[in-house]
Amino acid sequence: MQGAMPRASDPESRRFAVLIDGDNAQPRLLAAMMEEVGRHGSPTVRRIYGDWASGRLNGWKDDLHYHAFQAVQQHSFARGKNSTDGRLIIEAMDLLHTAPIDAFCIISSDSDYAGLAKRLRESGKFVLGIGERKTPDPFVRACDQFTFTDLLVKQGRKEREKDGGDGKKRPRDRALRELLIEGAEAMEREDGYANLGRIAEFLQKKDPGFDPRSYGRSKVSQLFREFPETFEFDPDDPNYVRILPEE
């Protein structure tokens, strides 16, 4: 049995199949979701699945053609049963074996796609998930990277409240500091400095839901700059950071 094909490591070269569960995603965020996919590659295949004859997916129709999506009809064969996920999974596997695709984006908050995400990764494909915070953890962790839709809504907000009112760091900030220390320690060179890109990769492998936007920042480097008492940037290369020795 042959091993998995190597993944396309350069985001600009990745050809994505963007597959949306129309019954389990938010139409108003379609433009933002496509912008998010564009950060990771080129959306080559674009499909939205659901029962278009029922009228429940009318919210997608305004932007469907603008974003060049194909509406894939899937009838609901029994009341209360969603057969959309089965159709999406079948077509994803068809694309895996027949289309020149490097990566898949599955847009849904349904745990039923966890198995599909794992199978695609086993075949050497990069898997991006997009869904709400309620998305079950098995699906989130089955992806290479998972973007929560609330971050897309908040995108562009640059500032957040850093103190809890008493001048002390909030618990969330302390947890972030410990997470950044773990990443810097894992990726540090002999001279103590670690590359920010490699730190980001480490943290996303540890937690596919890790995203600087969860902390109100767009870049990992901005997170490190919030702790000048803990980290120091390389004066010759701002892409490297090290943990300051304890006094």
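Taking segment 209-232 and a reference point 7 angstrom along Cα→Cβ of GLU178, the backbone N atoms nearer than 20 Å belong to 209-212, 214-216, 223-231.
Per-residue Cβ neighbour counts within 10 Å put ARG225, ARG242 in the sequence ARG225, ARG242, beginning with the fewest. Projecting label points 7 angstrom from Cα along Cα→Cβ for ASP150 and ASP207 puts them 1.4 nm apart. Based on the convex hull around the alpha carbon atoms, segment 11-154 presents an average projected area of 8.1 nm². Summary of packing: across the peptides 94-100, 179-185, the per-residue average of other C-beta atoms within 10 Å ranks them, highest first, as 179-185, 94-100.
Listed by chain and number, the aspartates and glutamates whose C-alpha is less than 12 Å from the C-alpha of LYS118, apart from same-chain residues fewer than 8 away, are ASP144.
Between segment 181-225 and segment 54-73, how many Å separate their Cα centres? What the calculation gives is 38 Å, centre to centre. If the segment from ARG225 to ARG56 were pulled out straight at 0.36 nm per residue, it would be longer than the present Cα-Cα gap by 56.2 nm.
Summarising the label geometry, the points placed 7 Å from Cα in the beta-carbon direction at ALA186 and ASP237 lie 2.1 nm from one another.
Coordinate-derived values only; no laboratory data. Being a predicted model, the structure only gives us computed values, none of them experimental. Cβ coordinates were reconstructed from backbone atoms using ideal geometry, including for glycine residues, and neighbour counts include every protein chain displayed.
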